[in-house]
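Laboratory data are not the source of any read-out in this text; all were calculated from the coordinates shown. The model shown is predicted, which means the values in this text are computed figures rather than measured ones. Here the Cβ positions follow ideal geometry from the backbone for every residue, glycine too, while neighbour counts run over all protein chains shown.
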Amino acid sequence: MAQKAAVQPSEETLSLWKREQARLKALLVDRDTEAWQRDPAFSGLRRVGGVDVSFVKGDCVSACASLVVLSYPELEVVYEESRMISLTAPYISGFLAFREVPFLVDAVRQLQEKEPSLMPQVLLVDGNGVLHHRGFGVACHLGILTELPCIGVAKKLLQVDGLENSAAHKEKIRLLRAGGDVFPLTGSSGTVLGMALKSHDHSTKPLYVSVGHKISLEAAVRLTRCCCRFRVPEPVRQADIRSREYIRRTLGHSGPPVPGQERSQKGPRPKAHPKGGSAGLAGEGRHPEDLSRGPGADPEATQLGCWEQQGRAWQSPGPGHHEDSNCRPSTPASGW
DNA sequence: GCGACAG
DNA sequence: ATCTTGTCGC
C-alpha cells in the first residue's frame, strides 16, 4: 500500500502548491453572485451542502469523505454520500486543500451525475476561505474547482496576517453577548479576512467564518448563523457525524490493531467546570438509516501517489458570471 | 531553540 | 483530525 500521506512534501512540491493557489486565486469571486444571497430571508435558497473528512485513528491514509445536502430552511438531510478514501498528501497548515479537496470534488461530481436536482446552492466547508496564509484556503479551492458558492467555517483561528489568539482576541470573544454577535478579523494589512461569530447563545468558542467563493462575507456570516442548531452549522455537523459513523460501521470492528489500547490515566484532565459552556451536546435521534453504500474497497487502489497530479479542475472555470456591483447590505448587526 | 500548527 | 469520562444544564 502506498502510504504516501506520511511523507513530507519537498520544497519543490510546496512551491508548486503555492503557485497553484495563486493561479486559482485569480479566479476567486468574493461577493454575492446569487439573488438569494441578497434577500433578508434568503428566499430562493432551498439546498445547503456540507462537506467533511473524518479519519481512521491509527491510520494516516484511510479516511471517509462525506457530502450532505440539507433542505433550507428546514435543515433536514435530503442527500448523503459517504465514501472511504485513501489520502495521498499529509496535513500541512496552509495546504489543507491538497489533502482533502480532490475527494470533495469527486463527491460533488458524483452528486451531479446521480442527483443533479439536489445540487446544493452553497457549500459550507470545514476550514477557512480567504482567512488563509495566501488568501486561498480550502473553501476557496473547493469553490473554484466546483464553481459553487462556498463558505469557510473554521473552529479555530488560523493565525495569519497578524491575527493572533492573543489576550486581546480572547477578550473580544468574551464580549460577544448573544448568538449572532460578531467581530471582524482584520489583518495587519487592514483587510477584513473574516468574522468571529458566536453561533449560539451559549457557546463559548466562536466560529471563524470567511468567504470561500461567490458570496460576500456579510451573506456568509448570516447564512452560517441561520444554519446553526448547535455551535457547528448543521451541514458541516451532519457531514462530520455521518463520516465518522461510516468509519465506525465500516471498519469499527476489524479496526486499527494498534498497540497501546490499554486504558491509563495520563496527563491532566480538567475537572468539571461548574459554569462550563457545553454547547454541542446532541441527544439527536439518529435514524438507523441504511447506509448500505458500496464496499470499502476503493476503485483506484492504484494511487499514483503523485500530489502534483491532483487538483485538476473537472469543469473549466471559465470567465463570465457577474450580477451587479451595487452592493449595499443594510448593516445587519453590530460589528460592521 | 521556540512557537505555531484550518483539518 | 483522533483519544478520552464525567458533569452540568435546558
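A few notes on this one:
- Label positions at A:S188 and A:A168, each projected 7 Å from the Cα along the C-beta direction, are separated by 1.2 nm.
- Among the chymotrypsin sites (Phe, Trp or Tyr not before Pro) in the stretch A:1-98, those located in a DSSP loop and surrounded by at most 16 other Cβ atoms within 10 Å of their own Cβ are A:Y91.
- Lysine pairs in the stretch A:56-212 with Cα atoms under 20 Å, if 8 or more residues apart or on separate chains: 12
- Fewest neighbouring Cβ atoms within 10 Å first, the residues A:T250, A:T224 line up as A:T250, A:T224.
- Loop-located GluC sites (Glu not before Pro) in the stretch A:33-138 (DSSP state not H, G, I, E or B) with no more than 13 neighbouring Cβ atoms inside 10 Å: A:E74, A:E76.
- Checking every one of the GluC sites (Glu not before Pro) in the stretch A:143-210 against DSSP loop status and a limit of 13 other Cβ atoms within 10 Å picks out A:E164.
- Cα-Cα P(r), the stretch A:132-227, percent of pairs per 5 Å interval: 3, 14, 25, 25, 19, 10, 3, 1
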